[in-house]
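Scroll down for the structure; my scribbles are underneath it.
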Amino acid sequence: MPELPEVETVARDLRPRLAGAEIAGARVAWARTLRTHDPDGFATAVTGRIIDAVGRRAKLLVVELSGGLAMTIHLKMTGQLFVVSSAAPADPYVRFVLELADGRELRFRDIRKFGRVGLYERDAATGDLVVERGGVGVFAGTGPEPLDPAFGIRDFRRRLRSRRGRLKPLLLDQTFLAGVGNIYADEALWAARLHPLRPASSLRPADEKRLYDEVRRVLGEAVERRGSSVDDYTAPDGDGSMQERLRVYQRTGEPCPRCGRRIRRIVVGARSTHFCSWCQRLRAAERTGAAAILRSISGGEPARRGPRWSDLAAGDGAAGLTPADASRARSERTRQAAATRRAATRRAMTPGDEV
Ligand SMILES: [Zn+2]
């Protein structure tokens, strides 16, 4: 799922294309894409408004419209946005279209249909987005932006020390920090040499500082590299390259870039979690309650002299591969398939008339 760097990249790509454009209408192919309105109500509310700005808060795109309205777009798992001529061929996976008065369209393509579009008023008192005046804001419970220059180490420490629980679920918790998801939580924890199951309360001041620094460094580098194009993520100006710089995410069984031992995978709160059990230690006292999670560990296949027949990947055409090799080959094929899918989408969506 796109995280802070990916959504930030989409916002930056859309901004020059959309700022100043007038909205001529909206079409909705999958009504549940709309979070706040029915299709007719949405189209009526946005038609004639000017797009003032395109920004991001947490993992949501925020499109500011004239007259104090704002549209949010949550890409969720497979959402993609393209600005194309209205003459571009139809695509069955486009769920929502914003029609512009100059003949272009903002198309929201979303294979899995989890993406959501909302339309809100900006509350003059709180600055938050609300469905109706005095209502609860969309971002009322959302934590601070980790890349905000005003978000300092003291703020981070104060928030960390007020929390219980383990580091991985905490980093994914949007009320703790905004915009961090599975990829960058794993990368930041590896870079900070902190085990994903470390209790937040066990961190020493130096650990807290490393985590603060690495969360910001990893996210900052990912924004510079236009995000990680794993799965279906792409942006209007093209794929990101951060996936080439990921050290542990989806690299189960590969050598840790720091110590050479194999990257492990465990499942924490139903999310795959990648780490190096040598560089990211968990003290015996901190394992209490973590035993069941640690039993789910994979990727630590000890090197063998040769594969056993019983271990050969059945039906994988992979005779001679150890299970770790086969799993690596499979994940490489998955990566290539996702890249091919993104390229095909881009060709289909923009046959020479991306505008
Ligand atoms: Zn290591």
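Within the stretch 270-295, can you find the residues that are surrounded by 13 or more Cβ atoms within 10 Å (Cβ to Cβ) and either part of a strand (DSSP E or B) or away from the ligand (no atom under 16 Å from the Cβ) (or both)?
R271, S272, T273, H274, F275, E286, R287, A290, I293, L294
Would you mind telling me which numbered condition in (1) touching a residue at least 40 places away in the same chain (Cβ under 8 Å); (2) assigned to a loop (DSSP other than H, G, I, E, B); (3) farther than 30 Å from Y212 by Cα A125 fails?
(1)
Please give the number of the condition E187 fails out of (1) surrounded by fewer than 21 Cβ atoms within 10 Å (Cβ to Cβ); (2) among the acidic types (D, E); (3) touching a residue at least 40 places away in the same chain (Cβ under 8 Å); (4) on the phi < 0 side of the Ramachandran plot.
(1)
Is it true that A178 is within 16 Å of the ligand (Cβ to nearest atom), small (G, A, S), closer than 22 Å to Y249 by Cβ and within 21 Å of the chain's Cα centre (by Cα)?
no
Hey, can you tell me all the residues within the stretch 257-269 that are outside any loop (DSSP other than H, G, I, E, B) and within 16 Å of the ligand (Cβ to nearest atom)?
Initially, the stretch 257-269 is screened for residues outside any loop (DSSP other than H, G, I, E, B), giving 262, 264-268.
Passing the criteria: R262, R264, R265, I266.
Quick one: what pairs do we get from the stretch 21-49, first residue in the same structural domain as A90 (by TED's automatic domain parsing), second among the aromatic types (F, W, Y) and in a strand (DSSP E or B), C-beta under 6 Å, 6+ apart or different chains?
So the pair list comes out as V28/F96; T33/F96.
Could we say that S201 is away from the ligand (no atom under 16 Å from the Cβ) and in contact with a Gly (Cβ under 9 Å, 6 or more places away or on another chain) here?
yes
Which residues, taken from the stretch 240-256, are more than 16 Å from the ligand (Cβ to nearest atom) and surrounded by fewer than 19 Cβ atoms within 10 Å (Cβ to Cβ)?
Scanning the stretch 240-256 gives S241, E244, R245.
Can you name the condition, by its number, that L81 falls short on among (1) more than 23 Å from G137 (Cβ to Cβ); (2) at pLDDT 95 or above; (3) surrounded by fewer than 22 Cβ atoms within 10 Å (Cβ to Cβ)?
(3)
The values are calculated or read from the model by the stated rules, or taken from the named source; none is laboratory data. These numbers come from a predicted model, not from an experiment. No Cβ is skipped: glycine too gets one built from the backbone with ideal geometry, and neighbour counts run over all protein chains shown.
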